[in-house]
Amino acid sequence: MPVEVHDDHAGAVQLTIFGSALLAAALLAALYAAGAGVYGGRTGDRRWVESARRAVYAMAALLTSAVVIIEIAFLRDDFGFALVADHSSTTTPTFYKLTAMWSSQEGSLLLWAWVLSLASSGVLFITRNRHREIVPWATAVLAGIGAFFVGLMIFKAQPFGHLDPAPAEGAGLTPLLRNPYMAVHPPMLYSGYVFWSIPFAFCVGALIARRLDASWIRTTRNFALCAWTFLGIGLLLGSRWSYEELGWGGYWGWDPVENAALMPWLVGTAFLHSVMVQEKRGMLKVWNVSLICGTFSLCLLGTFLVRSGVLQSIHAFGASTVGGPLLALIAVVAIGSTVLIVSRLDQLRPERRIESLLSRESIFLVNNLLLVGLAAVIFWGTFFPLISEFFTGEKHSLAAPWFNRYVTPIGVLLVLFTGIGPLLAWGRLSPSAARRLLLGPGLVALATIVVLLAVSDAGHHPWALFVFAFAAFTLAALAGEFWRAAATRRSLTGESAPRALVEAVGRNRRRYGGYIVHAGIALTLIGIAASSSFQTNRDLRLQVGQTATVGDYTIRYDKLTSDPNPERLSFVSHLSVSRDGKSIGTLAPARNYYPSDDPTAGPIGRYFMGESTSEVGLRSRAGGDLWTAFQPDLSVLNPDIKRGNDQLANLPAAAQEFAILALVQHYVQNPPPATFRVIVNPLVGWIWIGALIALAGAVMAGWPALESRQRLEAAYRARLGRELGTATESS
Amino acid sequence: MDPSRKRKIRLVIALSAAVLLAAGLVYTSFSASTEAKEPSQLLQSDPSGTYELTGKVVPGSIQHAGDELNFKVSDRDGTDPIPVSYSGEVPDPFRDGREVIVTGKLQDGTFVGERDSLVTKCPSKFTTTTPGQSS
Amino acid sequence: MEFVLALLVVVLVAWFVTAPLRNREPAQSDDDPAVAELADLEARKAAKYRQIRDAETDRAAGKLTEEDYRRLDHELRAEAIDILKRIDRLQQPRGE
């Protein structure tokens, strides 16, 4: 046995040293790529550009190997790796072993750098024969960012730390993170952040090389759309996790780490719209370069906020050493891009001017202003403690009510414009056409207001009423657009209505995919408005057998059961729910208690003193959710726990477990009143449904058209034909 | 009016609106905010008024009295404990030694927390600890 | 052992990365840029054609007046012809 341990230990040391060497090599490759890219950009020598590209590929390969080594270490429970010892254990399920890597500072930086290297390799491969002036500089920027993150790992947060001697068991994963949403959330979020670096790098390259037509936008459009989608998925997962797993019942708290992901998503949304204006009308060039630099800076800021400890947040921050360097990078990126943009202003002049307010381009400009304004408000609120400290010496913080007050009006306006935009055309829309197009949806909106005022108390919640009206406007407008598309095509080709619709939409996936995104957003906002304004929220204290009424529902606390296993103690409450006298089912909100490693808690007490998580009892329907959480009162057990700690301390573990089971059984048979939180959340499910629809629309919009691949092929075939002196046949 | 003059007017209007809105935002945020203080700061300063108390839950100080939760909050280093009385939703991670934020007023030496204002921080994910120490 | 492996990796990477610097002549075959630019122009042509078709759809849907449509269409077609000319210019020298 000792020999085995020694071998494993030596193996771990060797592997961690090899892993550190891989990181060092990745850093060198990145630095070389940055330098070679700059040199290739300045001299135009394509060999250096090619060499830089290969260095990026090498960086990707090296980081992939590093990730593989770490994941294998997790799978093998190799606790010689400090990372594995601190974040995993032999009892951690396999799925969470694989995802534990990014629950740590070091591992999440590795994830960032790895995804960046893969995405950079991808875009450089795709553009290896194009955009000669821009690519060298874009390579340098991407490699530079990669070098920064790898350097950060090597010098500040080494993932390949080793433990000597290796412990026999690891610390395990925090129970709150043992959840599929939380496991997938970081890679989605980081992919979102990383993919924004691609258009950013090409923008910087375009600025440096003074090639400021729309080619950098076209090349990186799909990366921008991917970034937006992944960031959106990250936001969706985070809010769904909060709703489903935390005993709070909310999905958004305006916490700094939430805002950190929302701000780049908002500015990125503005970017995605604004670049369309440049492509079609040659306008808003300064907006576009500023928006992408702003989006990427906000991505870095988001990465910084979650690690730095400068703001009070629900995520506790330890003393982290990576905050300073990240802030320096943000400053370099923000100031550097500003200087670059200002120096190229003469080349960013618009080709045309906005002629009319009744055009899509002017709506997109308003859209830019609203989204950036919204991000600015959120930025102000998030950083207010630091701003106030700077000016007054005192830290003042702003909470959710402030955010809601200022975000709501802007959000409401955005819902309206989400519907107006698709109705307008590029170029000037005639006033009579505008009247005609706006009339239908406008009437729908008015009808919605009238109906809601008549059948509900929506009149007491004006903002929600506006959201419903504007969302109805938007959905009607979008439906009209789809109908018009099918009708126009039908009049041209005589196809059946469904086929005409499919053909028309298929031929312009970008536009109609975008409309589907808008529809999804409108639904999400309906869900948000309904569940925030019309929520019924009650804290109840119930004895077994007691009944209470919340909104339309009657809830009866039937019984308490327990479900203990070596991993955790579980107390499960059983509620029967009825409405209008009819039973509609049962809910079983529960509370899990994970044992603590703290020796001072005592052998019995440690089972009650460790982490606890909630299992929410949720009943989801299209009309709304019934959300329940349960908090047992364990204080009555304290005397028994203390007695157990004293008397059973020297008994074997099996006896202690028996005692705990007996204690739990006794409690369950005669429990004291427990606290329940019950929330009736109308229409909240539409938030998730709307978000999924929006993401599906984004995927559809970004789905690559066959044309682009065929185009390059056709170009080569044409050249071949010319050189052979014969006409080619298209294959 | 020629187009460029129209554009300039629009720009001026837009900028003025932005400045006014920003000024309004700035002005109201100071009055809407609550000041954050640690227990040591709270004991030293003017005790009236609503504050956001930030600190660590003193181990062993948690007591449930029916609907009410009583505990003590100290500075991060454990000094200057202040008794807190709170009723409302208690977040999952709340226990001894955790960092908390609770909004309320100091009354007769006890910090009375506003309903549902208790925030407990999730245990630290991103500390760069020396290898072998658990966070 | 791990140091040897690490050294091997570094050597491999260095070899891979510096290959272009060692093997090729600085001035590469210059028909590559033409094909690349051709593909870029084709992309712009396709985008311009899509804009022309969109304008037509907008007119059919009644969003643009005849006058506005004609003006826009004229503008877009002129831009498209410009792109076509540039494509032709790129392709011409080859035939000689």
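We did not get these values from a lab; they are worked out from the coordinates using the rules stated. Nothing here was measured: the structure is a model prediction, and the numbers come from that model. No Cβ is skipped: glycine too gets one built from the backbone with ideal geometry, and neighbour counts run over all protein chains shown.
Observations, loosely collected:
- 3J(HN,Hα) along the stretch A:382-396, derived from phi through the Karplus expression 6.51 cos²θ - 1.76 cosθ + 1.60 where θ = phi - 60°, amounts to 5, 8, 4, x, 6, 4, 5, 5, 5, 8, 10, x, 10, 8, 10 Hz, with x in place of Gly and Pro.
- Loop-located GluC sites (Glu not before Pro) across the stretch A:332-429 with a Cβ neighbour count of 15 or fewer within 10 Å are A:Glu351, A:Glu355, A:Glu394, with loop assigned by DSSP.
- Computed on the stretch A:169-276, with alpha-carbon pairs under 8 angstrom and 6+ residues apart, the relative contact order is 30 percent.
- Cβ crowding within 10 Å averaged over residues, with A:54-63, A:435-444, A:523-532 ranked highest first: A:54-63, A:523-532, A:435-444
- Where labels lie 7 Å past Cα in the beta-carbon direction, separation of A:His460 and A:Thr549 in nm: 1.6
- Bridging of B:Lys6 to aspartates and glutamates at a Cα separation below 15 Å is possible for A:Glu355, once same-chain residues fewer than 8 apart are set aside.
- FRET efficiency for the A:Asn129 to C:Phe3 pair, using the beta carbon distance and R₀ = 35 Å, is estimated at 0.35.
- Sites A:Arg435 and C:Arg70, calculated FRET efficiency, Cβ-Cβ separation with R0 30 Å, nearest 0.05: 0.90
- Neighbourhood charge, 15 Å Cβ-Cβ cut-off, centred on A:Asp346 and excluding it, Lys, Arg +1 and Asp, Glu -1: +3
- The B:Ser61 and A:Val450 beta-carbon pair, evaluated with R₀ = 45 Å, returns a calculated FRET efficiency of approximately 0.20.
- Ellipticity estimate at 222 nm from DSSP helix runs (n ≥ 4, -39,500 (n - 2.57)) divided over chain A, nearest 500: -23000 deg cm²/dmol
- Take every Cα pair under 8 Å whose residues are at least 6 apart in sequence, average their separation, divide by the length of chain A, and the relative contact order is 10 percent.
- Packing-based exposure ordering (other Cβ within 10 Å, fewest first) of A:Cys293, A:Cys203, B:Cys122: B:Cys122, A:Cys293, A:Cys203
- Per-residue average of Cβ from other chains inside 10 Å of C:52-64: 6
- The phi torsions of the stretch A:376-381, fed into the Karplus equation with coefficients 6.51, -1.76 and 1.60 and a -60° offset, translate into couplings of 5, 4, 5, 4, 4, x Hz, rounded to whole numbers, with Gly and Pro shown as x.
- The ranking of A:Trp241, C:Trp15 from fewest to most other beta carbons within 10 Å of each one's beta carbon is C:Trp15, A:Trp241.
- One decimal place: the segment A:Thr43-A:Val339 gains 104.3 nm when fully extended, by the rule 0.36 nm per residue minus the C-alpha distance.
- Neighbour counting of Cβ atoms within 10 Å sorts the residues B:Lys121, C:Lys45, fewest neighbours leading, into C:Lys45, B:Lys121.
- The lysines within cross-link reach of C:Lys48, meaning a Cα-to-Cα straight distance under 23 Å and a gap of 8 or more places when in the same chain, are A:Lys280, A:Lys285, C:Lys63, C:Lys85.
- The modelled label-to-label distance between B:Leu20 and A:Ile154, using points 7 Å beyond Cα along the C-beta direction, is 5.6 nm.
- Projected label distance in nm at A:Glu503 and A:Ala653, using a 7 Å step from Cα toward the beta-carbon: 7.1
- Relative contact order %, the stretch A:1-178, counting alpha carbon pairs below 8 Å whose residues are six or more apart: 35
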